[in-house]
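The values are calculated or read from the model by the stated rules, or taken from the named source; none is laboratory data. Just so you know, these numbers come straight off a predicted model, no measurement behind them. Positions of Cβ are backbone-derived with ideal geometry, glycine not excepted, and every protein chain shown enters the neighbour counts. Accessible surface is based on the protein model in full, side chains and every heavy atom, while ligands, DNA and RNA are left aside. Shrake-Rupley method; radii C 1.70, N 1.55, O 1.52, S 1.80 Å.
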Amino acid sequence: MATVLITGGTGLIGKHLTVKLQEKGYSVLYLSRTTEKSSSIKTFEWDYKENIIDIDTFNDIDYIIHLAGANIGNKRWTNKRKQLILDSRVKTGQLLFNKIKEQNKQLKAFISASAIGYYGTITSEKIFKETDLPANDFLGKVCSQWEKTADKFKELGIRTVKIRTGVVLTEKGGALSKMAIPVKMGIGSAIGTGKQYLPWIHIDDLCGIYVKAVEDATMNGSFNAVAPEHTTNKDFVKSIASVLNKPFWFPNVPAFLIKLVFGEMSSILLKGSRISSDLIISKGYSFTFPNLKKALINKLTIMITTNFITLYIQCSTNAMYLA
Ligand SMILES: NC(=O)c1ccc[n+]([C@@H]2O[C@H](COP(=O)([O-])OP(=O)(O)OC[C@H]3O[C@@H](n4cnc5c(N)ncnc54)[C@H](OP(=O)(O)O)[C@@H]3O)[C@@H](O)[C@H]2O)c1
């Protein structure tokens, strides 16, 4: 079976994708800033700032999935942070390209993460499609340069796919865990006007799309990876409350407060448009979780069960020490 090298494989998406690929019989390797994060997956090291990459990284690989990048949503967007967000995606991609070219390595495909930030952090009634132009704001420029770097692989005759991802729903980490906290406390509410759209995708579907990008040789270019159902921020939080059987009556969190706390990064919380999933569906992808309620029931149930088991283990361990 083929071998897939994942950059940033230690992250939220990478860990899930690793399991999916292994279940399908693929060998998975990681390219990481450190070999200490994963003991079970063979890991090669790189440092894009020093232009260094382990010489053996590309020996036996068939595909590269490029997920690496500094997290967009966990720190304020200072100028330094913005530069890191850009460089950790574009310079890493450029380093991969240089080395693959240098070693004359023929990959079966280069698949890169991208994001729906490509279309801009704006609220509108437009439904964005893959043929739309990139926005001129910070994330629009990051995604555009990220994808242009991926496109260089086409010069080497390598099939290139870019996955423009929406907010990924997982049971651990990511946006859903953060959004569920106030709801669990009974104080969940929409933010800003609540009318901004929140394009999302269940992690299983995102991994399904990545696997399809590996296996479907007719896939080329950019694909939106968002569920077909369009949801506003208000409907999203209301659905979490309904699945968790919690109240939803608190007034919206005012936009000025979100801006005060998150600075420029608040735009990803306060703005959002609809994104079309027609292209990936036309390629034959069938969503397991096309609607939000079903996706939330699945992920929130796992989240609650995991929290309960963790609490149970902690209590049992404490009881053992006290006995
Ligand atoms: N999660 C989402 O909702 C979402 C939505 C849209 C797009 N995406 C994109 O999909 C990709 C994967 O997302 P994710 O949620 O799995 O991200 P993540 O959990 O933040 O993991 C990203 C990985 O990138 C590597 N990394 C982090 N900072 C880096 C830096 N400064 N330089 C080089 N590498 C760095 C790390 O791997 P090592 O420590 O092993 O090097 C990390 O595990 C990202 O590019 C992200 O922008 C994610």
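To the nearest 10 degrees, how steeply does helix 292-322 sit against the main Cα axis of the chain, on a 0 to 90 scale?
80
Quick check on the range 78-135: take the gyration tensor over C-alpha atoms, sort the square-rooted eigenvalues as a ≥ b ≥ c, and tell me if it's rounded (a/c under 1.5), prolate or oblate.
oblate
Per residue, how much accessible area does the range 149-282 have with a 1.4 Å probe, in Å²?
Heavy-atom SASA per residue in the range 149-282 reads 41 Å².
Connecting C-alpha atoms closer than 10 Å in a GNM of the chain, tell me which of Gly73, Gly140, Gly120 has the biggest fluctuation.
Among Gly73, Gly140, Gly120, the largest GNM mean-square fluctuation belongs to Gly73.
Whose amide H sits under 5 Å from the amide H of Leu29, counting only residues 5 or more places off or on another chain, with H placed in the peptide plane?
Val4, Leu5, Ile6
Let me know the shape class of the range 1-62, please: from the alpha-carbon gyration tensor, a ≥ b ≥ c as square roots of the eigenvalues, rounded when a/c is under 1.5, otherwise prolate if a/b is greater than b/c, or oblate.
oblate
Against the longest alpha carbon principal axis of the chain, how many degrees, from 0 to 90 and to the nearest 10, is the axis of helix 174-184 turned?
The angle comes out at about 10 degrees.
Send over a whole-number figure in Å² for the accessible area per residue of the range 1-81, probe 1.4 Å.
For the range 1-81, the per-residue accessible area is 55 Å².
By its C-alpha gyration tensor, with a ≥ b ≥ c as the square roots of the eigenvalues, how is the range 1-141 shaped: rounded for a/c under 1.5, else prolate for a/b larger than b/c, else oblate?
Prolate shape, in that a/c is at least 1.5 and a/b is the bigger ratio.
Give me the Debye-computed log₁₀ of I(q)/I(0) at q = 0.08, 0.16 Å⁻¹ for the chain, equal point scatterers on Cα only, no solvent, two decimals.
Summing over Cα pairs of the chain leads to -0.39, -1.43.
Using the Karplus curve 6.51 cos²θ - 1.76 cosθ + 1.60 with θ = phi - 60°, work out ³J(HN,Hα) for each residue of the range 70-87 in order, rounded to whole Hz, and write x for Gly and Pro.
4, 4, 7, x, 10, 9, 4, 7, 6, 4, 5, 5, 4, 5, 5, 4, 6, 4
Output the peptides 176-189, 193-206, 153-166 sorted from most to least packed, where packing is the average of other Cβ atoms within 10 Å over each peptide's residues.
Put in order of decreasing packing, that is 193-206, 153-166, 176-189.
Summarise the accessible area of the range 54-163 (1.4 Å probe, protein heavy atoms) by the percent that is carbon and sulfur. Can you show the working numbers first?
Working: 2520 of 5130 Å².
Within the range 54-163, the accessible surface is 49 percent carbon and sulfur.
Run the simple label-point estimate for Lys294 and Gln94 please: 7 Å along Cα→C-beta, distance reported in nm.
4.4
Per-residue HN-Hα couplings for the range 13-20, Karplus 6.51 cos²θ - 1.76 cosθ + 1.60 at θ = phi - 60°, whole Hz, x for Gly and Pro?
Here the 3J(HN,Hα) series is 6, x, 5, 5, 5, 4, 4, 4 Hz.
Roughly how tilted is helix 233-243, in degrees to the nearest 10 and between 0 and 90, from the longest Cα axis of the chain?
Here the helix axis deviates by roughly 70 degrees.
Given Lys172/Lys271; Lys195/Lys283; Lys129/Lys246; Lys15/Lys283, which pairs have Cα atoms separated by over 28 Å?
Correct reply: Lys195/Lys283; Lys129/Lys246.
Given H placed on each backbone N at 1.01 Å, which residues far from Trp200 in sequence or on other chains put an amide H within less than 5 Å of it?
Amide H neighbours of Trp200, under 5 Å, 5+ apart: Val167, Ala227.
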